[in-house]
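The values are calculated or read from the model by the stated rules, or taken from the named source; none is laboratory data. Everything numeric here is computed off the predicted structure, so don't read it as measured data. Cβ placement follows ideal geometry from the backbone for every residue including glycine, while neighbour counts extend to all protein chains displayed. For the accessible areas, the whole protein counts, side chains as well, though only heavy atoms, and no ligand, DNA or RNA atoms are used. Shrake-Rupley method; radii C 1.70, N 1.55, O 1.52, S 1.80 Å.
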Amino acid sequence: STARLYYKKGVQDLIKAAALLRDDIPNIRVLVIGDGRYRPQLEELVDRLEMRYYVILTGFRRDVVNLVSACDIFVSSTFDRTEGLPLRILEAMALSKPVVATDVSGTKECVDNEVNGFLVPPSDIQALAEAIRALALDEGLRRRMGGAGRQIYQNGFRLEQMCERTIQYLKRKSVASRSESQVD
């Protein structure tokens, strides 16, 4: 997970989900990339759940691409409904990482449930754990979903494509605006 650490990013839910999985998946590791004022509460949760061996809070890092590349699964457990299209998920897809994400805001624009990852309800720790478990225990599924995510990214979310769609949208809005002002 990569995030500015604050409560609504749901990193605490990811840590709790990992705690549910540690007995079944003893080699599970959660890499939390980012920093923020919520970090002390997350450290306290890690200690309380005895997850120090399983959870690594990296703090701010400039080598995020290298760290995400080293991971098997990318998880976004946010329950912030004001979030738009999550760029960190697109970055993970570009790196062929399967995604487990909460179904909020723009997430479903890039995560096609059971194609390039799993969408789970926000704050549903059990569903989050089950989606992570499915990917963690099936290397073929991780490869298929990661490849599908890379294709989805390539076919619709590269910077050039997004800029072109934005320009076309703004042109349509401008034409509609002129048409409305001519009616008055």
Conditions first: (1) touching a Leu at 6+ places or on another chain (Cβ under 9 Å); (2) open to solvent by less than 50 Å² (accessible area, probe 1.4 Å); (3) modelled with pLDDT of 95 or more. Residue 150 passes all but one, so which condition is the exception? (2)
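Residues 104, 100: which one is of a type outside the set (Asp, Glu), within 22 Å of residue 24 (Cα to Cα) and not in a helix (DSSP H, G or I)? Show your work before the answer.
Values: 104 fails: within 22 Å of residue 24 (Cα to Cα).
When all the criteria are applied, what remains is 100.
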Would you check which residues across the range 2-44 are in contact with a Lys or Arg (Cβ under 8 Å, 6 or more places away or on another chain) and either open to solvent by 30 Å² or more (accessible area, probe 1.4 Å) or not in a strand (DSSP E or B) (or both) and list them? 3, 5, 6, 21, 24, 25, 28, 35, 36, 38
Just one of the numbered conditions (1) among the β-branched types (Val, Ile, Thr); (2) out of contact with any Cys (no Cβ under 9 Å at 6 or more places or on another chain); (3) surrounded by 17 or more Cβ atoms within 10 Å (Cβ to Cβ) is not true of residue 115; which one? (3)
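Quick one: would you say residue 103 is out of contact with any strand residue (DSSP E or B) (no Cβ under 8 Å at 6 or more places or on another chain) and not basic (Lys, Arg)?
Numbers: out of contact with any strand residue (DSSP E or B) (no Cβ under 8 Å at 6 or more places or on another chain): no; not basic (Lys, Arg): yes.
Judged against the criteria, residue 103 is not a match.
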Checking residue 61 against (1) modelled with pLDDT under 95; (2) in contact with a strand residue (DSSP E or B) (Cβ under 9 Å, 6 or more places away or on another chain); (3) open to solvent by less than 40 Å² (accessible area, probe 1.4 Å), which single condition isn't satisfied? (3)
Please tell me if residue 79 is hydrophobic (A, V, I, L, M, F, W, C), at pLDDT below 95, under 17 Å from residue 124 (Cα atoms) and open to solvent by 30 Å² or more (accessible area, probe 1.4 Å). yes
